[in-house]
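Bear in mind that the values in this text are calculations on the coordinates, not laboratory data. In this text the structure is predicted, and so the values were computed from the model without any measurement. All Cβ positions, glycine included, derive from the backbone under ideal geometry; neighbour counts span all protein chains shown.
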Amino acid sequence: MRIVQKPWGHEQIWAETDKYLGKILYVKQGHRLSRQYHNVKHETIMVLSGTLRLELGAAGENVIMMVPESSYEILPGTIHRFCAASDDVSILEVSTPEIDDVIRLSDDYIR
């Protein structure tokens, strides 16, 4: 297991193989990840705690408010952004192993 610090919080990678990746994202209140998509990476998320604002589409025009135990499948090519809506959020993510397959369209931290 390893911790990866991020400007919005951190990731706890608990499983990493050549076939799948498992991690927990901890997003601090008021923070959000980049608006992004993946060419290959296929992921499914489940909210563990807090309220997640999942923005979908190039301008975030489709919004899904997610609460603990709700899940969502993110297919390759889907533009998405995770936002901590009103409190700290923890998200369980299981995906294919392409950890660096991230195309950022906008980012609060200019990465």
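One table, with the values for the structure above:
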{"quantity": "Contour minus Cα-Cα distance for K19 and K6 (0.36 nm per residue)", "calculated": "2.3 nm"}
{"quantity": "Whole-Å semi-axes of the ellipsoid equivalent to the chain (Cα gyration tensor, √5λ, descending)", "calculated": "19, 17, 14"}
{"quantity": "Region 1-48 - Debye-derived log10 I(q)/I(0), Cα point model, q = 0.16, 0.24 Å⁻¹", "calculated": "-0.53, -1.14"}
{"quantity": "Over region 50-111: Kirkwood hydrodynamic radius from C-alpha pairwise inverse distances, Å", "calculated": "12.9"}
{"quantity": "Test item: Cα-centred dipole of region 6-52, Lys/Arg +1 and Asp/Glu -1 on Cβ, debye", "calculated": "220"}
{"quantity": "Cut-off of 10 Å, at most 10 other beta carbons, DSSP loop: longest stretch of the chain lacking such GluC sites (Glu not before Pro)", "calculated": "1-60"}
{"quantity": "Lysines whose Cα lies under 21 Å from that of K28, excluding same-chain neighbours fewer than 8 positions away", "calculated": "K6"}
